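Visitor: What follows is a single structure, and I will ask about it in a moment.
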Amino acid sequence: MRCPVTQRLDLARKVPLAEYTFAAKHAARPATVTLIGPDRIAQRYTYGESRDIYPGGTPEFPMRICCVRPPPRTTSSATFPA
């Protein structure tokens, strides 16, 4: 089933991380998560109904999928070994 894009892509939440965290807590064996690629995501959108959001069409949408990143951290709580 193909769906129109209703807004520009942005990272709202990290679903694979949430799935892995849940599975790792509850599984008796090591957990894995399957990730889908940008080509599979691009196959599910309708270009004709998404022109207002992505006027560049088919090439622009998959490129945006690859560019979605988490926002940069404003503070770092990580500690690094010396």
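The numbers here are math on the coordinates, done by the rules we state, and not lab data. These numbers were taken from a predicted model, which means no experiment stands behind them. Heads up, the Cβs are rebuilt from the backbone with ideal geometry, glycines too, and the neighbour counts pull from every protein chain shown.
Visitor: Within region 1-44, which residues have the backbone N less than 18 Å from the label spot 7 Å out from R51 along Cα→beta-carbon, could you tell me?
Guide: Answer for region 1-44: 3-8.
Visitor: Let me know the charge dipole size of region 15-67 about its Cα centre in debye, to the nearest 20, where only the beta-carbon of Lys, Arg (+1) and Asp, Glu (-1) is charged.
Guide: 260 debye
Visitor: Give the residue list of trypsin sites (Lys or Arg not before Pro) in region 1-76 that are DSSP loop and have at most 12 other beta-carbon atoms within 10 angstrom.
Guide: Passing sites in region 1-76 are R2, R8, R13, K14, R44, R73.
Visitor: How high is the FRET efficiency from C3 to M63, r the C-beta distance, R0 22 Å, rounded to 0.05?
Guide: 0.70
Visitor: So what are the three principal axis dimensions of region 15-67 from its Cα atoms, in whole Å, longest to shortest?
Guide: Extents along the principal axes: 47, 18, 15 Å.
Visitor: Now a separate question. Give the order of T6, T34, T21 when sorted by the count of other beta carbons within 10 angstrom, beginning with the fewest.
Guide: T34, T6, T21
Visitor: Still on this structure: In nm, give the distance between the simple-model label positions of A24 and L11, each being 7 Å from the Cα along the Cα-to-Cβ direction.
Guide: Placing both labels 7 Å along Cα→Cβ, they lie 1.6 nm apart.
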